[in-house]
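See structure below.
The numbers here are math on the coordinates, done by the rules we state, and not lab data. Quick caveat, the model's predicted, so the values are computed rather than measured. Because the Cβ atoms are built from the backbone with ideal geometry, glycine has one as well, and the counts that use them run over all protein chains shown.
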């Protein structure tokens, strides 16, 4: 595991970061640092905004219900995330929270809800998704927050993807017995833009399968001999992709 300071508290802030700057904290961040963690005046805090890298700051507690951070020095340069989109049929609250957190930990750059014919949950709380994405990034030393996209009907979404983006379509009816071999075959094409699609609990309809398979640059992938829940399938699929084609290869 890369060397990293997991002891110093870490926050995402939506503000520019530069040496000698100051960052105002909102009430939740102030409460977290001052009341939950009980940090003292001038305590160290790491911050990032997804654009300017990671910075070491010190806490200025100020008044009882307000606090600021004094920006001291940049400790990590900003890195660019993989161009990896995750397309998924929305899930109920707790399972969606888990799936979003794990997708962020596994390095996705965009979270895209896809409404399929068998999707059971059609209303998605995008603010809650973003909060979960930020929490995962804060806890795991990640420098970028993925884009959180509005839900889109599957057919419209797939039609709007760049033709050059490889779409990895996870389907329990795929006939490939070895998903690693299926992904390894893509290495010769050196794909830089990827998307992973996981369907709803009830699976894809035949019409949806047929429409997906008409798309160029599509790989139909089975995830082993067992039927997985959608949130488990997310972890399995993204782990495979990152191991074979992504940034786990070093």
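Quick notes
- Residues in the range 35-72 reached by a label modelled at residue 26 [backbone nitrogen below 13 Å; 7 Å Cα→Cβ]: none
- Using alpha-carbon coordinates, inclination of helix 230-244 to the longest axis of the chain, degrees: 90
- Normalised by the number of residues in the range 37-161, the average gap of Cα pairs under 8 Å and 6 or more apart makes the relative contact order 22 percent.
- Distance from the range 101-150 to the range 1-43 (C-alpha centre basis), Å: 22
- For the chain, the longest principal axis of the Cα atoms and the long axis of helix 126-140 meet at an angle of about 70 degrees.
- Most to least packed among 46-58, 175-187 [average Cβ atoms within 10 Å]: 46-58, 175-187
- DSSP-defined beta bridges in the chain - what % are antiparallel, rounded to 5: 40
- Helix 93-105 and the longest principal axis of the C-alpha atoms of the chain enclose an angle of approximately 80°.
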